[in-house]
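Since the structure comes first, as C-alpha cells, the remarks are kept for the end.
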Amino acid sequence: MNHYPQAWGRPRNDVYGPYDHSYTHSAMPKTHTQSPAVTGTSVLGVKFKDGVVIAADNLASYGSLARFTDVKRIRTFAPNTVIGFGGDVSDMQYLDRLLQTLEINENYLSSSEHSLNARNLHTYLSKVMYKRRSDFNPLWNMMLIAGFDEDEKPFLASADLLGTTFSSPTLATGFGAHLAQPLLRRLMPNDEESVKDVTKEQAVDAVRACMKVLFYRDARSMDKYSIAVITKDGVDLKEDEKLENQSWAFADQIRGYGTQVN
Amino acid sequence: MFRNNYDNDSVTFSPQGRIFQVEYAQEAVKQGSVVVGLVSKTHVVLTAVKRNAEELSSYQKKIVGVDDHLGVALAGLASDARVLSNFMKQQSLASKLSYGRPIPVERVVNMIGDRAQSSTQHYGKRPYGVGLLVGGVDDLGPHLFEFSPSGLTQEMLACAIGARSQMARTYLERHLDKFADCSREELIKHGLLALKESLAQDKELTVDNTSLAVIGVGSKEGKRRVENFKMYDGQEVGPLLEANVETSGTGEGEGDAMETDS
C-alpha cells in the first residue's frame, strides 16, 4: 500500500505493468446505436372518408431470423391517434415510453382531456426524430401517424429516422413502400380528392390484401398482424389477425431462386 | 415600537397566517390603472385605461399581445408584467414549435401562477407586483383568467382589477347574465362602459388613454379558426368610443347605458 488513494484497490503497476486505459475508454465513440438490431418491417396506412386504417405485422426480426413473433407494433394515443412503427424495436419501445410520458403529463396539466391530435403528435415526433439524427444518434424507425387533425379530417403522415416527413392519402414504410403503395394508390386515382369516395370497407380490404402481398414477397414478414381502424367513435385495434385465403399458386411460376436453378 | 415584524420577506407567515409581502404586492395592483376583461360564448374582450407619467410622456402600455390567440392586460408594475408576458410568449412559441399547437390558455396561466407562487416560498425573492387579466381562445372556447401576485389564478366570466376597479366590477356584476350571448360589438360596448364606470369624475375615455383588445372563436370555410388577437389603440379606438361611449357634455346617466344593452 502506498499513500496515493487513487491507486488503492488497483492492480499494482510494478507487478502487472501500467494499467491499460483503452479497456475503459475506447478510441472511437459508440456507434452501435447507428444501426438497427431487432427490426419490424412495413407499416401500411390508408385514409377513408371518415377515418384511417393502419396495419403492421407482429414480427420482430433479428437480421433475417424471425426472432419474436408476438410484437405489437401499433400503439394508440388516446383518444384517437394511432402510431405504427417500422424499424428498430428497442427504439420503438423508447418512443412508446416517451409517448406514454407525454400522455400522462398532458392529462395531468389539463383540467379536461388533453387536446393533442394526430397532427400535433406527428409534429412532435418529427422534431424528436430530427433532433436525434442531428446528434448522430438516430432513432432507427419509420413511423406512420394516423388519426384526425384540428378540423376533424382524417390525418395520415409519416416521420422517419432522418426527421423527414411525408403526407399522402395512402402511405407505406419499408418494403411496403415498394410493394403495397402502388396497390393502395389504385384506391385514390385523384389523390386527396378521392378520399371522400373511399369507404371503410374498401380501405380495410385494400390493406388486408396488401398485407397478404407483403407476406408473399417480403421475407421479413409474417402472417399474423395488427390492424387498427380509426374513426370519430374511437380506435378499433385488433392485434391478433391471421392472413386468410392465402394462395401460393403463383409460386410455381417463379424461377431462379434457391435450389431451383431455372 | 409598533413595527410589523413579519413583513421583511415573503416566506414568513405572520402569527395570523398572513404573508405581508404578498399583501403589499397586491396593493401595487390596486395602484395601477384599471383594466377590465369579459367573455361571451365567442369572444373575450380586454379594455384598459392608460396613464402617462407626465404631460410630455407617452402612455404606459396596458395590453400585451402574447400570441395570435392570447393576450394579457396588466395592472401594477409594468416591468414585472413584461417579465411574465415574455415568459408567456416563450411558452407559447415553444408549444407552436414542438407540437404545432397554440398553447391552451389554462396551461400558460398555470405556468405563470407556479412562477409567482415560487417567490412566496423562496427566501430572497419578491412577489410580482402586478395583476394580470389573461384572455385567450383555445379548443374549449374563449377564456378569461385573473392572475394575482400571490400566484392565485382563477377563471372569470368578467373581471376588473386596478385603481377604482370596484365601480367597474359593480357594472359587470349588474350585467353579468347578458355577457354569454353578447355579439363581438356588444361585448366591446360592455367592456368600455365598465371601464368608464371606474373613471374619476373629471376623467373620460379618449383615444389617448383607452386600449382595447379582442380575441374570438371565428370560422373560415366552415372550419374553426381563431379570430386573431386584435388590439385597438390610439386613433383606432376612436370609432369604438364614438359608437359605444358618449363623450363629454351630453351628461348621460347609467340608465342610458342599461337601455342600450338589451
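The values are calculated or read from the model by the stated rules, or taken from the named source; none is laboratory data. Since this is a predicted model, take the numbers as computed values, not measurements. A quick note on method: Cβ atoms are made from the backbone with ideal geometry, for glycine too, and the neighbour counts reach across all protein chains shown. Ligands, DNA and RNA are excluded from the accessible area calculation, which covers all protein heavy atoms including side chains. Shrake-Rupley method; radii C 1.70, N 1.55, O 1.52, S 1.80 Å.
Below is a table of values for the structure above.
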{"read-out": "Three-way shape label, the range B:58-138, alpha-carbon gyration tensor, a/c 1.5", "value": "oblate"}
{"read-out": "Cα pair distances in chain A, grouped into 5 Å bins until the bin that holds the longest one, percent each", "value": "1, 6, 11, 15, 16, 13, 10, 7, 5, 4, 3, 3, 3, 2, 1, 1, 0"}
{"read-out": "Chain-alone versus full-assembly comparison, the range B:97-126, residues with accessible loss of at least 40 Å² (1.4 Å probe)", "value": "B:98, B:99, B:101, B:106, B:107"}
{"read-out": "Relative packing of A:9-19, A:230-240, A:43-53, A:87-97, which averages over residues the other C-beta atoms within 10 Å, highest first", "value": "A:43-53, A:87-97, A:230-240, A:9-19"}
{"read-out": "Compactness of the protein assembly as shown - radius of gyration and Dmax, Cα, Å", "value": "31.7, 110"}
{"read-out": "Solvent-accessible surface (1.4 angstrom probe) belonging to residue B:236, in square angstrom, nearest 10", "value": "90"}
{"read-out": "Under the Debye formula (equal points on every Cα, no solvent term), log10 I(q)/I(0) of chain B at q = 0.13, 0.17 Å⁻¹", "value": "-0.83, -1.29"}
{"read-out": "Translational diffusion coefficient (Stokes-Einstein; Kirkwood radius from C-alpha pairs) of the range A:1-139 at 4 °C, 1.567 mPa s, in µm²/s", "value": "68"}
{"read-out": "Kirkwood hydrodynamic radius of the range A:95-250, from inverse mean 1/r over distinct Cα pairs, in Å", "value": "17.4"}
{"read-out": "Over chain B: helical MRE at 222 nm, DSSP H runs n ≥ 4 each giving -39500 (n - 2.57), nearest 500", "value": "-11500 deg cm²/dmol"}
{"read-out": "Accessible area that becomes buried as A packs against B, both chains, 1.4 Å probe, Å², nearest 100", "value": "1200"}
{"read-out": "Per DSSP, loop chymotrypsin sites (Phe, Trp or Tyr not before Pro) in the range A:124-169 with at most 16 further Cβ within 10 Å", "value": "A:136"}
{"read-out": "Computed [θ] at 222 nm, deg cm²/dmol, chain A (DSSP H ≥ 4; -39,500 (n - 2.57); rounded to nearest 500)", "value": "-8000 deg cm²/dmol"}
{"read-out": "Cross-link pairs A:200/B:220; A:47/A:153; B:41/B:178; A:47/A:232; A:49/A:242; A:72/A:238 - those with Cα-Cα distance over 18 Å", "value": "A:200/B:220; A:49/A:242"}
{"read-out": "Enclosed volume per residue, in Å³, of the convex hull spanned by Cα atoms of the range A:115-178", "value": "74"}
{"read-out": "At q = 0.15, 0.18, 0.33 Å⁻¹, base-10 log of I(q)/I(0) for the range A:202-247 (Debye sum, equal scatterers on each alpha carbon)", "value": "-0.41, -0.57, -1.28"}
{"read-out": "Solvent-free Debye scattering, log10 I(q)/I(0), computed from the Cα coordinates of the range B:1-94 at q = 0.11 Å⁻¹", "value": "-0.49"}
{"read-out": "5 Å binning of all Cα-Cα separations within the range B:129-176, expressed as whole percents from 0 upward", "value": "5, 20, 23, 27, 16, 7, 1"}
{"read-out": "Value of Rg/Rh across the range B:106-260 [Cα atoms, Kirkwood radius]", "value": "1.01"}
{"read-out": "Per-selection metrics, the range B:87-131 (Cα): Rg and Dmax in Å", "value": "12.7, 38"}
{"read-out": "1.4 Å probe accessible area per residue over the protein assembly as shown, in Å²", "value": "53"}
{"read-out": "The range A:162-262 - convex hull of alpha carbons, volume per residue in Å³", "value": "162"}
{"read-out": "Share of carbon and sulfur in the accessible heavy-atom surface of the protein assembly as shown [1.4 Å probe, %]", "value": "51"}
